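Readers should treat all values here as calculations from the given coordinates under stated rules, not as data from a laboratory. This is a predicted model, so every value here is computed, not measured. Note that each Cβ is placed from the backbone with ideal geometry, even for glycine, and that neighbours are counted across all protein chains shown.
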Amino acid sequence: MNDLRRDAGQAFPIYITVVAGLLFLALAYLAVGQAAVNRSGAQTAADAAALAAAQDERHQLTQQWRSVLRDPEKWQEIFEGNVTLDDPCGRARQLAAQNDAEVYNCFAPALLKFRVDVQTDKSVGRSVVPGSENYMSKASAVAEIEALCGPTPVAQGAEDGNLPDLTCKDGKVWRLKPDDATGLPKPEDLFDVHLTDS
């Protein structure tokens, strides 16, 4: 009987050790899960910010195109993004902030392309992993603007003062009338905005 009690007494510390180990593993997995959620939030913020910057530039390009509508020779530079625009990174910062993140880098690596790097405002939080309460997730995203339309040769209709048609990739042809603003293509008709890998 004493041997049974002694065996039971020796097993109890082992039981406590195993339970403590399992509890530690569970908390470690929870920390990993928290980090993954934080990282996912950072990527969402980066994607939204990059798209916002590109959409802002798309809007500006459309406005510039409309301002030179009667001068078709200037159209191509606008469709190539080879013009001076206001900084669209302000809109990127707004979208990042709405997703609990901060933009620490926003630039155009090429014409019609934007890269945004963000860092989350919130840390992973306290956990069994040392330093996790100070860890902020970072993420990057690149958005690209693709011109969907281009002018037909300027010579067409130039003699009688008409504007050239605007032909788009989906086959749509815009017969442009400068005096009819409602009939002009919208930003999304002229340019596509999407995320890209590089």
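Listed values, structure above:
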item	result
Karplus 3J(HN,Hα) series, Hz, for the stretch 67-81 with 6.51 cos²θ - 1.76 cosθ + 1.60 (x for Gly, Pro)	6, 10, 3, 7, 10, x, 5, 8, 4, 4, 4, 5, 5, 8, x
Calculated FRET efficiency for the pair K177/Q76, C-beta based, R₀ 35 Å, to 0.05	0.95
